[in-house]
Structures are given as structure tokens and as C-alpha cells.
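Notes to accompany the following structure.
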Amino acid sequence: MTRARPALRRLLPPAAVLCACLAVVTSARAGTSATLSAAFSPERLGQRSTLDFGFSFSFSPPAEPVPPPLTQIELRYPDNLGIALSGLGLATCTVQTLEAAGPSGCSSDAVMGHGQALTGIVLGSTIITENAPITVIRAPDEEGRIELLFYAEGTTPVTTRIVFPGLLLPASAPFGGLVSIGVPLVPTLPGAPYISVISLHATLGPIGVTYYEKVGGRTLAYQPRGILLPRSCPHGGFPFAAEFRFLNNSSADTHTAVPCPGSRQRRVK
């Protein structure tokens, strides 16, 4: 497993409703179960698309109301996805800008996707959960590799702005690469546990994203092109896998695959 990068600032209090149409596989290890989902919208081979992905956790024994705090994510994605040629992230934004002003302080052309997450914390006999939006921002490349910044802002039980990085790295077959994310621990009230991530759902692509371009003295809004799907589908579908590590030294892994489109869609001209 790729070593986690140092966590930036604090974690996220966010909401997640995973699409029922997504392919899902669940696995468990050391008491923590993880479920991963993925889909392309639209799913047309050789065409531009938005990647929709999500994960959720449960913790065993069932008496535990929330999973342990999350510290690292490694999400592997299929080979031959044209992320670098997606037309996403034409501008970049820094951690410092996001912490000071949030996404509104960044260029709209730096936004690469959106999402939601659900977090929880147990205070005494009370479970406090929070939903919050996530914005995926393009950061300046790090040593020639694409870096993403995930931003979330929480209000309960404390107000926090959270920024944490995801670096695109190589991965062995059948995957084309992975996003390595170090998740910071988020303190809440004195003596209280750190916030736990229960689920997360996000997109990477043009859905819900608007860019702006100056043409002939006018500013025109347009939608970026999106991730280019390959012209053929791997046997068994497009594979995804994820590994998670938690504060209590437990871990979980899970995988799924997006089924290949119908034979009519495979014949791309």
C-alpha cells in the first residue's frame, strides 16, 4: 500500500446518498466493513463522461454506533481513463486560499467535481451526525503528478473548514492509477472523540461544473468536456478498488466494477 501523505488541517463533517444504480461490492476486515460504488454518466465508450463514486462504512460489533476515525484512503481506478485530458482543472487553487476563503476564493475553472459526506460522533449516549457538501479542486501539480484538494466545511458540533489532499499515483494492472488521500483527524469538543466518516459520495467530471471563457470581449459559460472513456471495455467491466485505514489500526478493503455497456454501445465509430 502506498504510504499516506501527511494530513492537512482537520477532517470533514459532511452527507451521502449513494445511487441505487451503482455497482456495489462489500468486504470486511478487522471489524470494519467497507462498501464501494462507482458509475459513469453517461456510460458511452469513446465518449466524455462524469465519474460518480462513493463509499460507506459500518463497524462490528453492531453496538458500535459509528466506525473508527478514518486516516487514509487509496482509491484505484481503471486503466485508460483520460483524466489528464478531461478538460477539468484548467486553473489551480492552493490550500491557503481554500482555508482562508473557501471555494469562492478559487477560480471556477479549478473545480473538478462535487460531493457530499456524512460524518458522526458519539457524545455520551447521543450520536451527532452531519451532512456537508464537498468541492473537489485542482491543486498545482506535485512533482509532475496531478493533485486534488477536497474541501468541506462543517458546523456541528464545531465549525471547521477542512482541506485534505489527494495525489494521483501509478497503480499495477488491472488499474490505471490510484488517488492516495491522507485524511486528517478532526477534533471536536475537549475530551470528545475525533469525528468519524460514515459515508462519502462525489463526482469527478462536468456534471454540476461550469467554466468561463472570454471570447471577443464577452464572458461565456460552458461545461468542461469530462473524462474520456476508452473505446473498448475490459473483460468483466471497469474495475475499481479501495483500501481504508483507521485510527485504531484496523483496515478495510473493497472492490467493484462498472459493467460494460451493451454491445450496441461498444461499436464506437
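Tabulated data for the structure shown
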| item | result |
| --- | --- |
| Complete set of residues in region 177-206 that are touching a His at 6+ places or on another chain (Cβ under 8 Å) and either more than 20 Å from residue 56 (Cβ to Cβ) or aliphatic (A, V, I, L, M) (or both) | 202 |
| Subset of region 96-119 that is of a type in the set (A, V, I, L, M, F, W, C), in a helix (DSSP H, G or I) and at pLDDT below 95 - its residue that is surrounded by the fewest Cβ atoms within 10 Å (Cβ to Cβ) | 100 |
| Residue match in region 196-206 (condition: exposed (fewer than 12 other Cβ atoms within 10 Å of the Cβ) and on the phi > 0 side of the Ramachandran plot) | no |
| Segments classed as strands (runs of 3 or more DSSP E), wholly inside region 172-266, with at least 2 members that are aromatic (Phe, Trp, Tyr) and more than 24 Å from residue 146 (Cα to Cα) | none |
| Subset of region 243-257 (residues that are farther than 12 Å from residue 33 by Cα and of a type in the set (A, V, I, L, M, F, W, C)) | 247, 257 |
| Residue match in region 259-269 (condition: at pLDDT 95 or above, buried (at least 16 other Cβ atoms within 10 Å of the Cβ) and either more than 15 Å from residue 77 (Cβ to Cβ) or within 23 Å of the chain's Cα centre (by Cα) (or both)) | no |
| Residue within region 26-36 that is in a loop (DSSP other than H, G, I, E, B) and either modelled with pLDDT of 95 or more or farther than 21 Å from residue 255 by Cβ (or both) present | no |
| Meets criteria (surrounded by 12 or more Cβ atoms within 10 Å (Cβ to Cβ) and more than 30 Å from residue 120 (Cβ to Cβ)) for residue 193 | no |
| Residue that is farthest from residue 49 (Cα to Cα), among those in region 159-180 that are of a type in the set (A, V, I, L, M) and surrounded by 21 or more Cβ atoms within 10 Å (Cβ to Cβ) | 162 |
| Output for region 151-165, where each listed residue is closer than 29 Å to residue 84 by Cβ and either aliphatic (A, V, I, L, M) or at pLDDT 95 or above (or both) | 152, 162, 163 |
| Residues satisfying the stated conditions in region 120-157, i.e. surrounded by 18 or more Cβ atoms within 10 Å (Cβ to Cβ), of a type in the set (D, E, K, R) and within 21 Å of residue 96 (Cβ to Cβ) | 138, 147, 153 |
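The values are calculated or read from the model by the stated rules, or taken from the named source; none is laboratory data. For clarity, every value in this text was computed on a predicted model and none was experimentally measured. Heads up, the Cβs are rebuilt from the backbone with ideal geometry, glycines too, and the neighbour counts pull from every protein chain shown.
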